[in-house]
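Below you'll find the structure, written out as structure tokens, and then a few comments.
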Amino acid sequence: MEYIRSMESAFEIIAEPNRRAILSLLVLSQQSVGEIERQLCIPQPTVSKHLRVLREAGFVESTVDAQRRLYRLKPEPLQEVDDWLAQFRRFWSAHVDALERHLDRMDEPAPMKSKPSRRGRGSNRDLHKGEKK
């Protein structure tokens, strides 16, 4: 039950678009509040609020560098989400593989049917000119 609660919490946290945008920035490199604010065009109080939520949930951590606080991604909570999503990847992978096999079979040339021999027809026609078969 604790695992389910932690997943609900993780999904609630990443469901918010601004938090996802912040996480996407932090994947690239650590960032200060000001850098995040400038890149996402989000007011500083909003950035700080979302960073607090992300930090309390364990998605990010911060360090102090002189006068500024730098935030960086902590991948562990995202790994838990990825582990949970793995079952759905396997499900879709099996279905996509089946679709690929079906499409491959559709691309294969159809087997050629044997055509009746033309031999005999012409000679038969020549023998009985004017007669209908």
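For the reader, a short list of remarks on this structure follows.
Yes or no, residue by residue, for (1) part of a loop (DSSP other than H, G, I, E, B); (2) exposed (fewer than 10 other Cβ atoms within 10 Å of the Cβ); (3) at pLDDT 70 or above:
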residue	(1), (2), (3)
Arg69	no, no, yes
Val81	no, no, yes
Asp97	no, no, yes
Asn124	no, no, no
Lys129	yes, yes, no
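- Yes/no for Glu37 being within 24 Å of the chain's Cα centre (by Cα) and acidic (Asp, Glu): no
- All positions within the range 57-67 that are modelled with pLDDT under 90 and not small (Gly, Ala, Ser): Asp65, Gln67
- Residue check for Leu103: modelled with pLDDT of 85 or more and either more than 30 Å from His50 (Cβ to Cβ) or in a strand (DSSP E or B) (or both): yes
- Members of the range 25-54 found to be assigned to a helix (DSSP H, G or I), open to solvent by 70 Å² or more (accessible area, probe 1.4 Å) and either in contact with an Asp or Glu (Cβ under 9 Å, 6 or more places away or on another chain) or among the small types (Gly, Ala, Ser) (or both), listed by number: Gln44
The values are calculated or read from the model by the stated rules, or taken from the named source; none is laboratory data. Fair warning: this is a prediction, and the values are worked out from it, not measured in the lab. Positions of Cβ are generated from backbone atoms using ideal geometry, with glycine treated the same way; all protein chains shown enter the neighbour counts. Remember, those area values only see protein heavy atoms, side chains included, never the ligands or the DNA or RNA. Shrake-Rupley method; radii C 1.70, N 1.55, O 1.52, S 1.80 Å.
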